[in-house]
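Scroll down for the structure; my scribbles are underneath it.
The values are calculated or read from the model by the stated rules, or taken from the named source; none is laboratory data. Computed from a predicted model, the values in this text were never measured in an experiment. Here the Cβ positions follow ideal geometry from the backbone for every residue, glycine too, while neighbour counts run over all protein chains shown. We work out accessible area using only protein heavy atoms, side chains counted, and drop any ligands, DNA or RNA first. Shrake-Rupley method; radii C 1.70, N 1.55, O 1.52, S 1.80 Å.
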Amino acid sequence: MAGELLQLTITQAGAALAAGDFSAHELAQAHLDAMESARGLNAFTAETPERALTMADAADQRRAQGETLGPLDGIPIAVKDLFCTEGVLSTAGSHILDGFTPTYESTVTRNLWAAGAVMLGKTNMDEFAMGSANVTSHYGPCINPWQASSGDSVGKDLVPGGSSGGSAAAVAARIALGAIGTDTGGSIRQPGAFCGVVGLKPTYGRCSRWGVIAFASSLDQAGPLTRTVRDGALMLGAMAGHDPMDSTSVDAPVPDYATALTGDIKGMRIGVPAEYRMDGMPGEIETLWRQGRDWLEHAGAAIVDISLPHTKYALPTYYIVAPAEASSNLARYDGVRYGLRVDGEDMTDTYEKTRAAGFGPEVKRRVMIGTYVLSAGYYDAYYLQAQKVRTRIANDFRAAWEVCDVILTPTAPSAAFAIGEKMDDPIAMYLNDIFTVPASMAGLPAISVPAGLSADGLPLGLQLIGPAFAEETMLRTADVLESAAGFTAKPSW
Amino acid sequence: MALDTDTVRRIARLARIYIPEEDLEPLAGELSNIIGWVEQLAEVDTDGVEPMTSVVEITPEQREDVVNDGGYRDRVLANAPDTADGFFTVPKVIE
């Protein structure tokens with residue numbers, strides 16, 4: 001029984017709870033047990049079993065009185081440690097937030113609890129969401145529940161992707177029915193692809209950023225990781241909405257995303273951008289992408305060849321804009337108000353020693369790059385030029401929407417790799433996000449759908465990108481893509 | 001542009017991150033690689049292009065200018081590494 005509870009989708013679990021097949025308490029307990037037995041994955045930075053059972057019992061009591069808060073009522077989920085959760089350790093994977101226990105709740109998690117979701121714990125992540133492999137976490141790497149069946153990575157622990165690596169691993173390993181992450185340049189979609197789960201980044205402004213520990217404020221956006229597109233639609237519906245506490249959150253009604261999943265994409269125009277065909281891209285990625293085209297075409301969509309000329313500049317633009325914003329956002333870690341403090345001889349010495357001890361190498365690199373590109377004499381050449389190129393990238397997409405409704409690309413240029421690889425060369429690590437960063441720069445919604453396995457038996461994802469606030473069109477297409485791909489493989493964990 | 005150790009020392013100072021002297025040179029190499037790579041943006045024609053300041057086309061809303069928050073000093077101080085008499089503490093800054 002308990003094993004079966006772990007294999008459900010959110011949609012199935014919700015129906016079973018409504019039918020009284022099992023209680024929210026039993027569902028939560030099964031997942032808490034799974035969390036405990038999967039500690040070897042290092043997917044969680046904090047476990048909250050007591051809170052989970054209290055929340056589950058409340059859901060059961062509501063149902064006993066004939067009430068329900070909706071499709072997430074009683075559904076156990078995991079929360080990336082970037083979200084502030086009241087009374088629960090929130091570290092952003094950083095040593096500098098040692099012991100930080102927020103006295104407030106992020107808007108997105110508050111929305112989820114108001115919808116009846118049950119918190120299992122906080123998930124491991126790259127420090128301050130800066131990474132693509134979950135290897136920069138102060139709490140050690142999270143391990144991908146998938147293992148290679150052949151090739152160079154056989155027998156090695158693989159990365160889950162990043163930065164929302166713990167959330168993706170938890171959903172893939174059947175520890176949580178769903179999880180939330182954040183995506184700045186691909187941090188939901190790329191781990192989704194590496195772990196064989198759906199990763200959804202909504203339009204910038206769809207979800208409130210209030211209470212989400214800031215990395216790059218013009219890019220950060222919360223979203224769900226789930227085992228199906230429909231589950232992602234359900235979670236996004238609960239997470240999204242206007243929040244007066246975030247001036248960039250959009251005051252627009254939240255659609256019922258699940259009703260958009262009609263299975264009908266006849267006449268939909270699917271753009272395939274020439275510039276995403278990169279030199280050195282593995283043949284199996286190219287093949288899967290072509291397969292994705294064929295699937296959508298057979299479902300009645302029209303394939304349109306498009307051009308996004310500034311694609312190759314998106315990643316270097318990101319590595320100016322994101323570090324610049326990070327250098328500013330991370331100025332708040334001063335050893336005075338929260339977290340780690342290393343006492344120095346004077347105020348400046350205290351700042352410098354605290355930040356030297358509290359930040360890991362990748363965070364230091366990015367804060368320093370950001371400081372440099374914003375510094376006097378370099379601002380125009382780097383930061384201002386990057387902001388102009390960002391306009392160019394957004395305009396590329398704007399032109400594309402004249403001729404297509406949704407864009408299809410691969411999610412990542414490879415399958416998951418072994419822990420320890422690409423560690424010596426920051427730029428090699430950055431290239432993981434080459435296909436996800438352009439949509440981030442333009443603030444567009446995008447989703448990764450597990451679509452096949454590599455020759456070595458590891459999951460690969462396809463990405464769909466939609467126009468701003470066209471999540472419904474994008475999700476409808478993703479649902480059809482998911483059905484056609486019929487991805488049923490499970491990790492060996 | 002290659003960053004020399006003096007530049008790295010200056011940036012580290014601006015960023016308030018202590019970098020030991022022996023780490024300056026390897027860090028200069030790492031940062032130079034990244035800066036060298038992002039410099040490809042210089043080749044993009046951006047004449048007449050406005051820099052992006054907002055990724056979504058919305059006008060930030062106005063709200064009433066009223067006090068609607070505050071009055072919870074203990075919660076604000078709850079996570080401080082050190083406090084005294086309801087204040088944050090810092091090392092002595094005036095001799």
*Pairs of Cα atoms under 8 Å, at least six residues apart: use those to get the relative contact order of chain A, whole percent.*
18
_Reachable lysines, given that their alpha-carbon falls under 18 Å from the alpha-carbon of A:K122 and they are not under 8 places away in the same chain_ = A:K80
*What percent do you get for the relative contact order of the stretch A:45-199 when only Cα pairs under 8 Å and 6+ apart count?*
23
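So which of A:K201/A:K353; A:K353/A:K422; A:K353/A:K388; A:K201/A:K364; A:K156/A:K490 end up more than 25 Å apart by C-alpha?
Over 25 Å apart, Cα to Cα: A:K201/A:K353; A:K353/A:K422; A:K353/A:K388; A:K201/A:K364.
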*Rounded, prolate or oblate: which fits chain A, taking a ≥ b ≥ c as square roots of the Cα gyration tensor eigenvalues, rounded meaning a/c under 1.5, else prolate when a/b beats b/c?*
rounded
*Which value, in Å² rounded to 10, gives the accessible area of A:F359 with a 1.4 Å probe and all protein chains present?*
10
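Can you give the charge dipole size of the protein assembly as shown about its Cα centre, rounded to the nearest 20 debye, using +1 on the beta carbon of Lys and Arg and -1 on the beta carbon of Asp and Glu? Intermediate results must be reported in sequence, preceding the final value.
Working: 44 positive and 76 negative charges, 131 e Å.
Taking the Cα centre of the protein assembly as shown as origin, the dipole is about 640 debye.
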_I need the GluC sites (Glu not before Pro) found in the stretch A:309-407, filtered to DSSP loop residues with at most 15 other beta carbons within 10 Å of theirs._
A:E345, A:E402
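I'd like the trypsin sites (Lys or Arg not before Pro) in the stretch A:269-300 restricted to DSSP loop residues with at most 15 other Cβ atoms within 10 Å, sorted by number. Show your work: numbers first, answer last.
Numbers: sites: A:R269, A:R277, A:R290, A:R293; in loops: A:R277.
Sites meeting the loop and neighbour criteria: A:R277.
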*Of the DSSP H helices in chain A, those whose Cα atoms cover at least 30 Å axially and whose Kyte score averages 0.5 or more*: none
_Listed residues A:R230, A:R398 arranged by accessible area, highest first, probe 1.4 Å_ = A:R398, A:R230
*What value, in deg cm²/dmol to 500, does the helix sum -39500 (n - 2.57) over DSSP H runs of n ≥ 4 give at 222 nm once divided by the residues of the protein assembly as shown?*
-11000 deg cm²/dmol
*Give me the percent of DSSP beta bridges within the protein assembly as shown that run antiparallel, rounded to the nearest 5.*
65
*Got the relative contact order for the stretch A:311-468 handy, in percent, Cα pairs under 8 Å and 6 or more residues apart?*
25
*If you take the charge dipole of chain A about its Cα centre, with +1 on Lys and Arg Cβ and -1 on Asp and Glu Cβ, which of A:A485, A:Q12, A:Y313 is farthest toward its positive end?*
A:Y313
*Between beta-carbons, use under 13 Å as the cut-off and find the net charge around A:S247, counting Lys and Arg +1, Asp and Glu -1.*
-2
*Could you check the simple spin-label distance between A:T259 and B:E64, using points 7 Å along Cα→Cβ, in nm with one decimal?*
3.3
*At a Cα cut-off below 16 Å, give the aspartates and glutamates reachable from A:K312, other chains included and same-chain residues fewer than 8 away excluded.*
A:E275, A:D279, A:D396, A:D433, B:E39, B:E43, B:D45
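Expressed as a whole percentage, what fraction of the accessible surface of chain A belongs to carbon and sulfur atoms when a 1.4 Å probe is rolled over the protein heavy atoms?
On the way: 7740 of 15420 Å².
Here it works out to 50 percent.
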